[in-house]
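Nothing in this text is a laboratory measurement; each read-out follows from the coordinates by a stated rule. All values derive from a computational prediction rather than experimental measurement. All Cβ positions, even for glycine, are placed from backbone atoms using ideal geometry, and neighbour counts span all protein chains on display.
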């Protein structure tokens with residue numbers, strides 16, 4: 001999975017915000033891994049209705 | 001040193017390390033979320049008459065005590081069915097069957113009020129900082145909302161909804177290619193969303209709920225942050241599953257119907273699996289508006305305002321309890337049914353009522369069979385005849401039945417509107433094509449009817465079951481394309497916004513970035529049902545902690561007010577790990 005945010009751009013913003021090196025490392029590592037499916041945490045954004053047909 | 005002693009020592013170290021682990025998580029969460037770090041919480045939380053009790057039983061213990069008698073009939077049935085075990089039997093008592101406080105004793109071992117207050121402070125700050133995402137016109141609309149008139153409130157809410165939609169229209173609200181939703185905790189952060197833009201970091205549902213909270217916070221409104229345990233659509237899916245099982249009960253009495261029973265059961269399983277599928281947690285907001293009515297505010301699901309008085313009253317009851325405990329248990333959460341009658345639940349009642357209430361007489365069976373056997377031409381014409389001549393009169397008769405007359409306004413939507421009749425016609429077509437004629441063309445049908453007596457007899461059995469098939473198909477059709485109204489959420493847990501937002505964000509950071517905090521930390525301090533499954537994979541070190549968690553899982557199973565996906569997660573966990581309570585060993 002591709003990273004959601006350009007790592008270089010994100011790193012610059014983290015530096016500008018004075019983020020601690022420990023947090024910076026974790027955030028960049030997570031971003032680099034891409035977005036996981038939201039089976040944990042809050043991720044449901046909307047519902048799409050399914051046509052289940054009949055039996 | 002024995003193994004047990006080693007485990008206890010590890011748990012003690014864990015407990016002693018909580019402040020360090022918590023600080024690590026909060027530091028990371030602050031780095032992600034906040035523009036400025038939080039100041040220290042200066043004072044110790046003042047004691048109240050309830051402090052000692054809550055510290056002993058934990059916030060979920062408090063919740064279980066409150067909800068024992070408001071939650072569900074199932075729980076009360078269990079309580080009634082078990083004898084109260086003698087005290088000396090200790091751990092062998094069946095859980096959940098005696099006093100509320102006994103239940104609380106089983107799955108929690110503390111409440112750290114000072115830590116909870118730091119989480120509250122964190123949540124409050126996130127909400128405040130998120131306000132800037134609403135832009136320059138926010139203040140004007142907050143003032144409009146504060147006037148309290150119905151018209152102004154509606155205008156302000158309409159503006160808020162348009163504004164939030166403009167922030168999320170590029171979000172991954174639609175399913176990604178793999179059918180799942182993707183997620184990045186940076187999408188909660190007002191400072192990174194501002195820095196990188198909503199195109200790159202569109203707010204998630206939790207982010208949206210926080211932005212909406214910032215509006216109500218600024219307006220000084222009474223509002224609650226909510227976890228959606230069962231959406232309206234999920235409620236409809238579950239009711240459809242039950243309706244199909246009701247159909248199975250009718251068919252099972254007829255041995256010739258065994259193949260059809262299998263087909264209906266397969267469909268019921270398919271819909272149930274979809275209903276309980278893990279799609280992540282969803283957050284929403286409820287605010288008190290004009291006329292002191294509690295309104296839902298959920299932009300993601302297009303559910304804005306319009307709660308019934310019954311739902312509003314249920315939210316008000318929860319609000320009063322949460323407000324009562326705002327000093328001694330600010331992270332308490334309480335759940336409520338916010339359900340409404342659906343056509344699927346009416347179908348279930350119809351099927352349960354049996355063929356005397358909704359079925360053909362022998363004369364009607366013969367008459368319908370004649371119509372079907374003699375028909376030549378488009379099936380739609382045949383379906384319309386069966387619907388108009390037989391099924392609609394039965395539905396009208398149903399409205400005069402004392403057991404169904406209260407559903408008259410809903411049933412009328414189906415027989416007196418074009419869109420309702422279209423759905424009924426589709427359900428009739430499905431019934432005739434799929435369940436009666438099994439896809440046979442007219443020529444094949446007539447040939448077989450003339451030459452195969454067994455085939456003719458089976459078709460007659462199917463015709464006898466047309467009303468039941470039709471009812472189930474109505475439930476199925478309405479599930480795909482609702483003709484009634486948009487579905488508000490059916491079951492929700494509520495928390496005070498500062499605490500719930502703080503914990504929800506910390507939880508999301510913990511599960512995505514990792515945290516050393518063990519399940520007990522979450523279960524003791526956050527009154528939500530979210531952490532039960534979120535931290536299920538974490539190792540626990542002692543029998544006591546395992547026992548508490550096991551009781552917690554069983555408590556979940558006994559509840560109707562639960563996150564719909566949690567039961568499936570817990571069941572899989574128990575099967576995979578073969579985890580049992582130490583009492584059962």
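Divide by every residue of chain B the summed helix terms, -39500 (n - 2.57) for each DSSP H run of at least 4, and state the resulting mean residue ellipticity at 222 nm, rounded to the nearest 500 deg cm²/dmol.
Rounded to the nearest 500, it is -19000 deg cm²/dmol.
Please compute the average number of Cβ atoms from other chains found within 10 Å of each residue's Cβ in peptide B:277-284.
5
Expressed as a whole number of Å, what is the distance separating the alpha-carbon centroids of region B:313-376 and region B:1-38?
46
Could you tell me how far the Cα centroid of region B:491-541 sits from the Cα centroid of region B:234-298, in Å?
27
If packing is taken as the average number of other Cβ atoms within 10 Å across a peptide's residues, how do B:6-14, B:537-545, B:450-458, B:152-160 rank, most packed first?
B:152-160, B:537-545, B:6-14, B:450-458
How would B:116, B:276 line up from fewest to most surrounding beta-carbon atoms within 10 angstrom?
Ranked by crowding around the Cβ, least crowded first: B:276, B:116.
Given an 8 Å cut-off on Cα distances and at least 6 residues of separation, report the relative contact order of chain B as a percent.
RCO, chain B: 24 percent.
How would B:17, B:558 line up from fewest to most surrounding beta-carbon atoms within 10 angstrom?
B:17, B:558
Kindly express, to the nearest 10 degrees and within the range 0 to 90, the angle between helix B:497-513's C-alpha long axis and the longest C-alpha principal axis of chain B.
With rounding to tens, the tilt is 90 degrees.
Kindly rank B:378-390, B:250-262 from highest to lowest mean number of other beta carbons found within 10 Å of each residue.
Ranked by mean Cβ neighbours within 10 Å, highest first: B:378-390, B:250-262.
For a footprinting-style exposure proxy, rank B:282, B:535 by other Cβ within 10 Å, fewest first.
B:535, B:282
What average count of beta carbons from other chains do you get within 10 Å of the Cβ of residues in B:551-557?
Taking the mean over all residues of the peptide, I get 0.
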